[in-house]
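J.: One structure, as structure tokens, below. Some questions next.
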Amino acid sequence: MRLVIASFILLSTAALVTSCGEKAAEAPKAFCDTVCFSDSIKIEGQHKLKPYVYISGKDCKADTITWSYNGAKSNKKYELASMLANNNLKINKDYFKAYIRDTSLAYIMFNDCLTGQNYQIRVNFAEKTSIQPSKKGINDFDPKFDIAENLFVYTDGGNLYIEDMTTGKKTMMTFGKDAGVDFDYIHDKIDSVNVTPTKAWAKVKFGKDWEVIEKAIELK
């Protein structure tokens with residue numbers, strides 16, 4: 001099966017803000033360019049029923065996610081801001097990628113350009129199942145996360161969960177204890193991660209101490 005991933009890399013930019021009558025002050029550096037989201041993003045799978053995921057914009061923001069395939073009873077749509085509990089979400093198409101596995105699943109990964117927060121959405125095309133959004137993703141748009149391109153990785157703060165998007169095979173690596181991660185500031189507790197199909201590695205902070213955790217893995 002051929003892996004189809006839409007992914008582009010763009011250097012991040014800094015922004016300046018000024019207040020009336022005050023000296024300009026440098027704002028925190030944005031993770032990526034917060035350019036107006038005016039162009040939609042459409043990712044299509046390679047299956048004969050042509051499954052697709054479509055992200056549309058409104059008022060310069062990514063607004064709605066739609067997914068369907070030829071022969072589906074109806075298109076499924078969700079409002080991104082409500083689904084991800086982020087009314088100021090800024091998406092740049094250069095920090096967005098997706099993989100569609102036949103007509104069963106779609107995996108979507110992107111970062112919020114304002115905060116760098118890693119978001120993931122798993123779309124199940126089955127009629128009786130729905131969408132699974134998460135801000136606990138570990139993706140390689142973040143320069144401290146090195147993830148093999150066919151892998152979908154996330155954490156609950158005490159474990160790494162790893163899935164091969166092309167086959168659905170899974171495995172995990174435990175940290176041994178909960179690091180107490182605030183996912184709005186993930187690097188306070190998880191400095192870096194490296195995952196391949198055969199090995200998982202992470203640098204995690206417990207209390208005041210950083211620990212390196214690694215494990216040989218097998219996807220099953």
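J.: Kindly indicate whether TRP210 is assigned to a strand (DSSP E or B) and over 22 Å from the mean Cα position of the chain (by Cα).
T.: Values: assigned to a strand (DSSP E or B): yes; over 22 Å from the mean Cα position of the chain (by Cα): yes.
For TRP210, the condition - assigned to a strand (DSSP E or B) and over 22 Å from the mean Cα position of the chain (by Cα) - is met.
J.: Could you check the stretch 164-207 and list, in sequence order, the residues that are open to solvent by 70 Å² or more (accessible area, probe 1.4 Å), of a type in the set (Phe, Trp, Tyr) and more than 21 Å from the chain's Cα centre (by Cα)?
T.: Listed by number, the list is empty, since nothing qualifies.
J.: Next question, about the same structure. Return yes or no: is VAL181 hydrophobic (A, V, I, L, M, F, W, C), within 28 Å of ALA85 (Cα to Cα) and part of a strand (DSSP E or B)?
T.: Values: hydrophobic (A, V, I, L, M, F, W, C): yes; within 28 Å of ALA85 (Cα to Cα): yes; part of a strand (DSSP E or B): no.
Spelling it out, it is not the case that VAL181 is hydrophobic (A, V, I, L, M, F, W, C), within 28 Å of ALA85 (Cα to Cα) and part of a strand (DSSP E or B).
J.: For the stretch 128-186, give me each residue that is closer than 15 Å to MET109 by Cβ, at pLDDT 95 or above and of a type in the set (Gly, Ala, Ser).
T.: Passing the criteria: only ALA148.
J.: Just to verify a result, which residue in the stretch 56-96, among those that are under 15 Å from SER40 (Cβ atoms), without any contact (Cβ under 8 Å) to a residue 12 or more places away in the chain and outside any strand (DSSP E or B), is most open to solvent (accessible area, probe 1.4 Å)?
T.: The selected residue is ASP59.
J.: Taking the stretch 97-146 only, how many residues are charged (D, E, K, R) and closer than 26 Å to VAL35 by Cα? It would help to see each step written out before you state the result.
T.: Going through the stretch 97-146, the residues charged (D, E, K, R) turn out to be 97, 101-102, 112, 122, 127-128, 135-136, 140, 142, 144, 146.
Narrowing the set further to residues that are closer than 26 Å to VAL35 by Cα leaves 97, 112, 122, 135-136, 140, 142, 144, 146.
Counting residues in the stretch 97-146 that are charged (D, E, K, R) and closer than 26 Å to VAL35 by Cα gives 9.
J.: Please work out which residue is surrounded by the fewest Cβ atoms within 10 Å (Cβ to Cβ), limiting yourself to the stretch 12-54 and to residues that are of a type in the set (Ser, Thr, Tyr) and at pLDDT 50 or above.
T.: Here the answer is SER38.
J.: Confirm whether ASN111 is more than 27 Å from LYS50 (Cβ to Cβ), open to solvent by less than 40 Å² (accessible area, probe 1.4 Å) and in contact with a Gly (Cβ under 6 Å, 6 or more places away or on another chain).
T.: no
J.: Report whether or not PHE141 is surrounded by 19 or more Cβ atoms within 10 Å (Cβ to Cβ), part of a strand (DSSP E or B) and under 12 Å from the mean Cα position of the chain (by Cα).
T.: On the way: surrounded by 19 or more Cβ atoms within 10 Å (Cβ to Cβ): yes; part of a strand (DSSP E or B): no; under 12 Å from the mean Cα position of the chain (by Cα): yes.
Criteria not met by PHE141.
J.: Go through the stretch 85-103 and report how many residues are in contact with a Phe, Trp or Tyr (Cβ under 8 Å, 6 or more places away or on another chain), under 14 Å from PRO51 (Cβ atoms) and modelled with pLDDT of 85 or more.
T.: Of the residues in that region, 4 qualify.
J.: Still on this structure: Please verify whether VAL123 is closer than 24 Å to ALA72 by Cβ, of a type in the set (Val, Ile, Thr) and not in a loop (DSSP other than H, G, I, E, B), treating the condition exactly as stated.
T.: yes
The values are calculated or read from the model by the stated rules, or taken from the named source; none is laboratory data. The shown structure was predicted, so the numbers you read here are calculated from the model rather than taken from an experiment. Glycine also receives a Cβ, built like all others from the backbone with ideal geometry; neighbour counts cover every protein chain displayed. Accessible surface areas use protein heavy atoms only, side chains included; no ligands, DNA or RNA. Shrake-Rupley method; radii C 1.70, N 1.55, O 1.52, S 1.80 Å.
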